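Okay, structure first, notes after.
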Amino acid sequence: MDTITHAQLRALAESGAPPSVSIFLPTHRKGSGERQDPIEFKNLLRVAENRLAEGGMRPTEAHDMLKPAWDLLDDPIVWSKASTDGMAVFVAPTIFHAYHLPFAPEPLVQVNDRFHVKALLPILADREFYVVAVSKHDTHLLRCTRTTCERVSLPEDVETNVEKVRDDKGEHSTDTTRHAGGLGGNAGPGSAGEFHGGGMEVERRLSEDMRFTFRQVDEGIRRTVGSTDTPFVLAGDIHVTPVFREVSKLKNIVEETIRGNQDVASDGSLHDRALEILEPFWHKELDAEKETFGTALAQGKATRDLKDVLAAAMDGRVNTLFVAPGAHRWGRVDEEKRYVELHDAESPGDEDVLDWATLRTLQTSGRVLVVEPDAVPGDGPLAAVLRY
């Protein structure tokens, strides 16, 4: 069971079929009460079965549909994860997904026509980025968020050591011979000049081999991460990072570099240094998004009225949605009748309309900006910049 990614969250928003069951569970790290977690999960599964039965499904059918989730109780690997704080399980006819979460959600069971995704919004708030740690001896890739950091394996056919590339090309022994000849005690009158020229040739070939190696690495990274707008932070000494930056075709490599010898730097220190670089960048991004909202509002192309946002989401007109993940608004949305009904408190048959708006925005290729409540433009729980 993997930790959920941004891409998987967006895929969930587009999947599901009635009845769709979403289960969220906070979990304990190893040694801090993790034995209670399977018991709590079993209780949530029973709640899910009861709700399916209340919706008209026979108890045996409900149990059979949830069987993949019940099977998790017998999987020790699921409950031995020591570095995560939560779990999310999604079940629908012919669909089953289970993920570890890097945060602790509220325990929750939702049975609806679609999966409940708003509880996962901290994933979108926990900005994703990569660190490319570059050196002549090894280049490795870290996939990070504000709270997590893990190494990502590159394809097996990618060589990350410049010296090995040189050996494979048969250049290393030639360079050594030239050095030896230049330093030999029996060198003739022209030896000093020959050594100088040989040294320049060694440097030229080393530079070429670095470029060749880094092109391979860059291509391997692009194969691994796919097309992404996620920022990349380079880490390495001043002799290698400019070369990698020159040959790279990665998008969104930030200007500032983590300097130093990455052969001895820990992944944790690289994560911390990258955050120091990116946090001001993200703050500027959010300020720019708010300015865009203000300009669009003056032009009649934005709204902070909840019903207007919901109506725009029905039509796929939401380009950017600002939403506070901890807020809830209850009501009913009928797209066929173009009807929205809001309630002060949750009533039978209600859904969280903020979750509905979030889902529809993701489904129609809109952007969702998860922000603190005081960062949502206006006084409401959400606001939107519209396409038209």
message: Just to be sure before I move on: is ARG204 at pLDDT 70 or above, assigned to a helix (DSSP H, G or I) and loosely packed, with under 15 Cβ neighbours inside 10 Å in the structure I sent?
response: yes
- line: Of the residues in the range 75-124, those that are assigned to a strand (DSSP E or B) and hydrophobic (A, V, I, L, M, F, W, C) number 13
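So that you can scan it fast, the table gives a plain yes or no per residue for (1) within 30 Å of ASP229 (Cβ to Cβ); (2) modelled with pLDDT of 95 or more:
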{"site": "LEU12", "(1), (2)": "yes, no"}
{"site": "VAL21", "(1), (2)": "no, yes"}
{"site": "GLU34", "(1), (2)": "no, no"}
{"site": "LEU44", "(1), (2)": "no, yes"}
{"site": "ALA48", "(1), (2)": "no, yes"}
{"site": "GLY55", "(1), (2)": "no, no"}
{"site": "ALA62", "(1), (2)": "no, yes"}
{"site": "PRO68", "(1), (2)": "no, yes"}
field: Cβ-Cβ under 8 Å pairs, at least 6 apart or on other chains, the range 342-367 side on the phi < 0 side of the Ramachandran plot, far side polar (S, T, N, Q) and assigned to a helix (DSSP H, G or I)
entry: ARG367/THR361
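Take the conditions among the basic types (Lys, Arg) and within 25 Å of the chain's Cα centre (by Cα) and apply them to LYS290. Does it pass?
On the way: among the basic types (Lys, Arg): yes; within 25 Å of the chain's Cα centre (by Cα): yes.
Taking the combined requirement at face value, the residue satisfies it.
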- prompt: Out of all the residues in the range 116-144, which are hydroxyl-bearing (Ser, Thr, Tyr) and under 12 Å from the mean Cα position of the chain (by Cα)?
  reply: TYR130
Residue list for the range 129-154, filter: crowded, with 18+ Cβ neighbours inside 10 Å and part of a loop (DSSP other than H, G, I, E, B): VAL134, SER135, LYS136, THR139, THR145, LEU154
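From the list ASP355, ASP308, ASP350, ASP374, pick out the single residue that is at pLDDT below 90 and more than 25 Å from GLY55 (Cβ to Cβ).
Working: ASP355 fails: more than 25 Å from GLY55 (Cβ to Cβ); ASP308 fails: at pLDDT below 90; ASP350 fails: more than 25 Å from GLY55 (Cβ to Cβ).
Matching residue, one of ASP355, ASP308, ASP350, ASP374: ASP374.
Criterion first (part of a strand (DSSP E or B) and assigned by TED's automatic domain parsing to the domain that holds ALA384) does GLU341 satisfy it?
On the way: part of a strand (DSSP E or B): yes; assigned by TED's automatic domain parsing to the domain that holds ALA384: yes.
It is true that GLU341 is part of a strand (DSSP E or B) and assigned by TED's automatic domain parsing to the domain that holds ALA384.
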- prompt: What number of residues in the range 52-72 are part of a helix (DSSP H, G or I) and within 15 Å of PHE90 (Cα to Cα)?
  reply: 11
message: Give me the residue from the range 69-113 that is crowded, with 20+ Cβ neighbours inside 10 Å and either outside the structural domain of LEU44 (by TED's automatic domain parsing) or aromatic (Phe, Trp, Tyr) (or both) and, out of that set, farthest from GLN363 (Cα to Cα).
response: TYR99
- request: Could you list, in sequence order, all residues of the range 244-269 that are closer than 24 Å to SER227 by Cβ and outside any loop (DSSP other than H, G, I, E, B)?
  value: PHE244, ARG245, GLU246, VAL247, ILE253
- prompt: Applying the selection to the range 270-302, what residues are assigned to a loop (DSSP other than H, G, I, E, B) and among the small types (Gly, Ala, Ser)?
  reply: GLY300
- prompt: Of the residues that make up the range 223-231, is at least one of a type in the set (Lys, Arg) and surrounded by 13 or more Cβ atoms within 10 Å (Cβ to Cβ)?
  reply: no
- request: Go through the range 237-253 and give me each residue that's more than 19 Å from THR160 (Cβ to Cβ) and under 17 Å from the mean Cα position of the chain (by Cα).
  value: LYS251, ASN252
query: Being in contact (Cβ under 8 Å) with a residue 24 or more places away in the chain and in contact with a Lys or Arg (Cβ under 7 Å, 6 or more places away or on another chain), is that true of even one residue in the range 307-315?
result: yes
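So, ALA119, is that one within 25 Å of ALA98 (Cβ to Cβ), modelled with pLDDT under 85 and crowded, with 20+ Cβ neighbours inside 10 Å or not?
Values: within 25 Å of ALA98 (Cβ to Cβ): yes; modelled with pLDDT under 85: yes; crowded, with 20+ Cβ neighbours inside 10 Å: yes.
Answer is yes for this residue.
The values are calculated or read from the model by the stated rules, or taken from the named source; none is laboratory data. Quick caveat: nothing in here was measured; it's all calculated off a predicted structure. Every residue, glycine among them, receives a Cβ derived from its backbone with ideal geometry; neighbour counts consider all protein chains shown.
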